[in-house]
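Please read the structure below before turning to the comments.
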Amino acid sequence: MNDLAVLLGLGREALFLGFAVFLRVGAAMALLPAFGEQSVPIRVRLGLGLAFTLIVAPAVAPALAPVLASPGSHPLLWLSEPLIGLAFGISLRLLVIALQIAGTIAAQSTSLSQAFATAGAEPSPVVGQILVLGGLALAVTLGLHLRTAEALVQTYRVFPPGTWPRADELLAWGLGRISASFSLGFSLAMPFVIAALIYNVALGVINKAMPQLMVAFVGAPALTLGGLVLLVLVMPAILSVWIRALGDTLAAPF
């Protein structure tokens with residue numbers, strides 16, 4: 001009977017530890033690139049959250065054990081852990097949004113936003129969809145799951161269990177991440193913006209020199225074709241820059 005009581009106690013502690021880790025991991029899983037996409041079924045996301053919990057829990061058990069042993073710190077733990085997990089997930093989700101911003105700007109610049117738009121929960125030009133799918137596929141191939149698990153463990157060093165993040169620090173961090181996301185998205189789309197600007201200026205000069213020529217009928221198809229060709233040429237460079245940004249964020253998410 002004593003051995004059974006000991007086993008039950010150990011099992012209860014292990015479940016309690018796993019639940020505390022899942023609060024942070026599960027909140028992050030809702031927003032993580034590739035793993036938290038809307039196209040991924042909820043049951044699969046739940047299974048991934050449990051799998052990441054099993055990976056992260058042994059590494060953070062020494063830091064969580066003293067907090068779990070103090071019942072007075074439990075209310076703060078249940079509130080702070082999901083908040084930290086959401087902040088971590090947002091830091092990575094903003095990089096996916098940067099790809100979507102780049103795709104939207106590129107499509108608008110090359111007249112592809114209407115001709116190749118997609119419908120769904122989040123309608124967006126197909127250029128953005130191609131960039132997002134390519135970026136996520138490349139990230140998963142290069143070991144996104146391993147880097148994510150390492151980053152989740154690192155979050156326990158930045159935000160120890162049972163501590164509440166400061167509001168001013170979270171605000172400054174959030175503003176910095178959002179501005180960096182927009183800056184990255186615009187930088188990735190810059191080749192399309194420059195090409196479209198040069199092309200439209202040249203088209204205006206031709207129209208000025210030859211008013212009788214219907215440049216709109218000639219220029220629009222050429223601009224669309226040029227945008228597709230440019231996408232094929234610059235997409236490897238765009239994804240390489242984005243992958244480096246993802247690696248830097250995973251190395252220092254906060």
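Listing for the model above:
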| quantity | calculated |
| --- | --- |
| Sole exception among (1) in a helix (DSSP H, G or I); (2) in contact with a Leu (Cβ under 8 Å, 6 or more places away or on another chain); (3) modelled with pLDDT under 90 for Ala27, by number | (3) |
| Candidate set from region 223-243 (those that are under 25 Å from the mean Cα position of the chain (by Cα) and not aliphatic (A, V, I, L, M)); member that is nearest to Pro191 (Cα to Cα) | Pro236 |
| Residue match in region 152-173 (condition: surrounded by 12 or more Cβ atoms within 10 Å (Cβ to Cβ) and free of Cβ contacts under 8 Å to residues at least 12 places away in the same chain) | no |
| The lone exception for Arg166 - which of (1) at negative phi; (2) in contact with a Leu (Cβ under 8 Å, 6 or more places away or on another chain) it fails | (2) |
| Meets criteria (under 22 Å from Gly134 (Cβ atoms), touching a residue at least 24 places away in the same chain (Cβ under 8 Å), polar (S, T, N, Q) and crowded, with 16+ Cβ neighbours inside 10 Å) for Gln100 | yes |
| Filter pass, Ala139 being at pLDDT 90 or above and either more than 24 Å from Ala34 (Cβ to Cβ) or assigned to a helix (DSSP H, G or I) (or both) | yes |
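One line per residue, one yes/no per condition, for (1) of a type in the set (A, V, I, L, M, F, W, C); (2) in a helix (DSSP H, G or I); (3) modelled with pLDDT under 75; (4) closer than 16 Å to Val60 by Cα:
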residue: Leu4; (1), (2), (3), (4): yes, yes, yes, no
residue: Leu7; (1), (2), (3), (4): yes, yes, yes, no
residue: Leu10; (1), (2), (3), (4): yes, yes, yes, no
residue: Ala14; (1), (2), (3), (4): yes, yes, no, yes
residue: Gly18; (1), (2), (3), (4): no, yes, no, yes
residue: Leu23; (1), (2), (3), (4): yes, yes, no, yes
residue: Leu32; (1), (2), (3), (4): yes, no, no, no
residue: Gly36; (1), (2), (3), (4): no, no, no, no
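The values are calculated or read from the model by the stated rules, or taken from the named source; none is laboratory data. Bear in mind that the values here come from a model prediction, so they are computed numbers and not experimental data. Neighbour counts are summed over all protein chains in view; Cβ atoms, including those assigned to glycine, are modelled from backbone coordinates with ideal geometry.
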